[in-house]
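Please read the structure below before turning to the comments.
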Amino acid sequence: MPNFDVTIAGELNLDLILYGLPEQLPPERELLASEMSITLGRSSAIVAHNLASLGSRVGFISCIGNDDMGRAALDRLQHAGVDVSKVLRKPEPAKTGLTVILQRDGWRNMLTYPGTIFDLRIEDLDLEYLSSSRHFHLSSFYLQKNLRPHLSELLKRLKRSGLTVSLDCNDDPGDRWEDDLKEALRHVDVFLPNTREALRITNQTDLDQAIEQLSQLVPLLVVKLGAKGALARRGAEQHVSRALKINVIDAVGAGDSFDAGFLHEFIRGADLQTCLDAGNLAGALSTTRPGGTEAFRDHDHRQRFYREHTMLPHE
């Protein structure tokens with residue numbers, strides 16, 4: 001029996017989220033925010049944390065600095081039950097990354113100091129550890145600076161080891177959307193972009209055309225549609241799941257939480273509609289608290305939310 005349900009290799013840091021900002025940010029002024037939150041950040045870490053919170057066995061490889069921010073981020077993952085025995089701690093002058101999120105009504109700016117995100121290399125990955133799983137997930141394709149040239153081969157090797165593979169590319173900070181992603185998708189079972197990413201990857205302006213093009217590249221395409229929910233395309237088969245109507249506190253990490261909810265059911269062999277509904281449920285839960293993991297950290301809140309919105313058991 002595999003040691004893990006899901007293994008993940010990727011980025012780990014904290015998010016500093018600022019709320020209630022002025023409409024304009026003029027230079028040389030002391031400007032005030034009305035609220036702030038410091039939470040576990042980065043897509044790979046959020047998916048790992050929330051998968052473990054839902055009950056999946058998760059192994060995680062990453063790289064942090066030997067500093068307070070790295071230790072705090074690692075503690076959050078450990079507390080959720082993620083195995084972090086393979087997380088590397090780089091000595092000074094390496095520093096753990098940090099993302100500052102300037103949250104607005106309906107949109108946000110994200111400023112990331114990558115730090116040790118860029119330091120993770122292919123030789124840092126224990127392939128035996130990653131392979132001791134049923135499934136491998138990769139997030140933030142374009143942010144994995146030193147891993148990126150080797151990601152296609154990594155996914156190919158993990159597939160050969162019998163794992164299924166999922167990928168959420170997330171945004172491209174350079175906004176170039178180069179074609180090495182499509183090479184990596186040759187070894188992916190489940191691709192999980194959002195609407196903007198699907199359009200940018202395919203250089204399309206029509207989402208239906210983007211979906212048609214991407215569905216030719218992967219066995220299962222899952223597109224996150226924000227307030228419209230999500231859809232899944234597998235060959236000629238297509239399913240749609242509407243988003244839950246709830247009071248959104250913070251959408252940071254909702255897409256990553258969707259990934260966690262979807263994959264938690266996918267690796268257990270659930271049908272596509274169940275996986276989509278579970279993804280939307282997890283994404284909706286995420287929006288009820290600041291950041292991408294706070295709603296999952298509160299066990300009672302999480303269980304109450306699931307009882308109110310589904311009949312599925314989620315311990």
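For the reader, a short list of remarks on this structure follows.
- Residue selected from the range 1-39 under the condition part of a strand (DSSP E or B) and touching a Pro at 6+ places or on another chain (Cβ under 7 Å), by the criterion surrounded by the fewest Cβ atoms within 10 Å (Cβ to Cβ): SER37
- Among the candidates HIS264, HIS309, HIS299, residue that is in contact with a helix residue (DSSP H, G or I) (Cβ under 7 Å, 6 or more places away or on another chain) and surrounded by fewer than 19 Cβ atoms within 10 Å (Cβ to Cβ): HIS309
- Residue satisfying condition, being basic (Lys, Arg), part of a helix (DSSP H, G or I) and either more than 17 Å from the chain's Cα centre (by Cα) or farther than 26 Å from MET110 by Cα (or both), within set ARG200, ARG233, ARG268, ARG176: ARG200
- Selected residue [in contact with a helix residue (DSSP H, G or I) (Cβ under 9 Å, 6 or more places away or on another chain), of a type outside the set (D, E, K, R) and assigned to a loop (DSSP other than H, G, I, E, B)] from VAL222, VAL252, VAL240: VAL252
- Residue within the range 94-102 that is over 12 Å from ASN13 (Cα atoms) and open to solvent by 30 Å² or more (accessible area, probe 1.4 Å) present: no
- In the range 272-296, residue least open to solvent (accessible area, probe 1.4 Å) [restricted to those that are out of contact with any helix residue (DSSP H, G or I) (no Cβ under 8 Å at 6 or more places or on another chain) and in a helix (DSSP H, G or I)]: LEU272
- Residue in the range 140-161 that is under 24 Å from GLU265 (Cα atoms), over 17 Å from the mean Cα position of the chain (by Cα), in a loop (DSSP other than H, G, I, E, B) and at pLDDT 95 or above present: yes
- Scanning the range 135-179 for residues that are buried (at least 18 other Cβ atoms within 10 Å of the Cβ) and touching a Ser or Thr at 6+ places or on another chain (Cβ under 7 Å) yields HIS135, PHE136, HIS137, SER139, SER140, LEU158, LEU163, ASP168, ASN170.
The values are calculated or read from the model by the stated rules, or taken from the named source; none is laboratory data. Owing to the predicted nature of the structure, the values given are computational and were not obtained by experimental measurement. Every residue, glycine among them, receives a Cβ derived from its backbone with ideal geometry; neighbour counts consider all protein chains shown. We work out accessible area using only protein heavy atoms, side chains counted, and drop any ligands, DNA or RNA first. Shrake-Rupley method; radii C 1.70, N 1.55, O 1.52, S 1.80 Å.
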